[in-house]
Amino acid sequence: MLEVSVVDINKKKVGSVQLDDRIFGQSVNMPLLHEAVVMQLNNQRQGTHSTKTKGFVRGGGKKPYKQKGTGRARAGSIRSPLWRGGGTIFGPLPRDYSYRMPRKKMRLALYSALSSKIEDNSLIIVDSLDGKNGKTREALSLLKNLNALDSTLIVCDDKNNLIYRGVKNLQNISIIDVSHVNVYDLLRYRNLIISKEDINKLMEVLS
């Protein structure tokens, strides 16, 4: 088991918590992390791009000029892909980019991303994340005390917590639920802030 310090909102140590080695003690597997991130980004694509072939471009129903005797190359439609205003050859059409990795590989990638936070000393466990008034000023003060103003992901299991409203207007700061912890967000943000109660819930969900 890994022992990590627990701090208060002023970053003073107030205790410690035991973390599961299977979740937070893995070696960082970069190829697996890359595969997981590519999958998540592909799943976010809308895939609504569309182009028209010559059969779908308006016009071009009449042969532009006679077949022979003009000295020009034969042409059957002004909407040929070779002509200006014509169709597109092999252009993109609407499609679904989403796919799924095997569940075991996705779980290992998540373990690897969490372990990277331990390796980089960027995991901050606080005794409580309860917001008092939901003001941006309050959230800003909290992050400033924890030296996590630049790029931070906050994990909070309570949707009614006022901390959600407080960080909404802050740049480079994001807050998600324990059940929504994912590889892309863990790697996108430098710091990870989570309460002692929520990290126990996270370990319970992942174990």
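Worth a mention:
- Taking first residues from segment 138-152 that are within 13 Å of residue 169 (Cα to Cα) and partners that are among the small types (Gly, Ala, Ser) and assigned to a loop (DSSP other than H, G, I, E, B), the Cβ contacts under 9 Å between residues at least 6 apart in sequence or on separate chains come to 138/131; 139/131.
- Residues of segment 160-207 that are more than 18 Å from the chain's Cα centre (by Cα), surrounded by fewer than 20 Cβ atoms within 10 Å (Cβ to Cβ) and either modelled with pLDDT of 95 or more or of a type in the set (Ser, Thr, Tyr) (or both): 164, 207.
- Any hit, segment 120-131, residues being over 27 Å from residue 25 (Cα atoms) and not in a strand (DSSP E or B): yes
- Candidates 115, 122, 80 - the one that is among the hydroxyl-bearing types (Ser, Thr, Tyr) and not assigned by TED's automatic domain parsing to the domain that holds residue 11: 80
- One residue from 89, 154 being among the β-branched types (Val, Ile, Thr) and surrounded by 15 or more Cβ atoms within 10 Å (Cβ to Cβ): 154
- Residues of segment 92-112 satisfying the condition of being loosely packed, with under 10 Cβ neighbours inside 10 Å and in a helix (DSSP H, G or I): 103, 104
- Filtered residues of segment 30-71 (kept if surrounded by 11 or more Cβ atoms within 10 Å (Cβ to Cβ), part of a helix (DSSP H, G or I), free of Cβ contacts under 8 Å to residues at least 60 places away in the same chain and not aliphatic (A, V, I, L, M)): 34, 42, 43
- Verdict on residue 5 being over 30 Å from residue 91 (Cα atoms), out of contact with any helix residue (DSSP H, G or I) (no Cβ under 6 Å at 6 or more places or on another chain) and polar (S, T, N, Q): yes
- Residue within segment 25-37 that is charged (D, E, K, R) and modelled with pLDDT under 95 present: no
- Failed item, numbered, when residue 98 is tested on (1) within 23 Å of the chain's Cα centre (by Cα); (2) modelled with pLDDT under 95: (2)
- Remark: residue 9 matches the filter, which requires a residue to be in the same structural domain as residue 202 (by TED's automatic domain parsing), surrounded by 15 or more Cβ atoms within 10 Å (Cβ to Cβ), modelled with pLDDT under 90 and not polar (S, T, N, Q).
- The residues in segment 1-29 that are closer than 17 Å to residue 205 by Cα, among the acidic types (Asp, Glu) and without any contact (Cβ under 8 Å) to a residue 40 or more places away in the chain can be counted, and the count is 1.
The values are calculated or read from the model by the stated rules, or taken from the named source; none is laboratory data. Keep in mind the model is a prediction, meaning the values are calculated, not measured. Cβ coordinates were reconstructed from backbone atoms using ideal geometry, including for glycine residues, and neighbour counts include every protein chain displayed.
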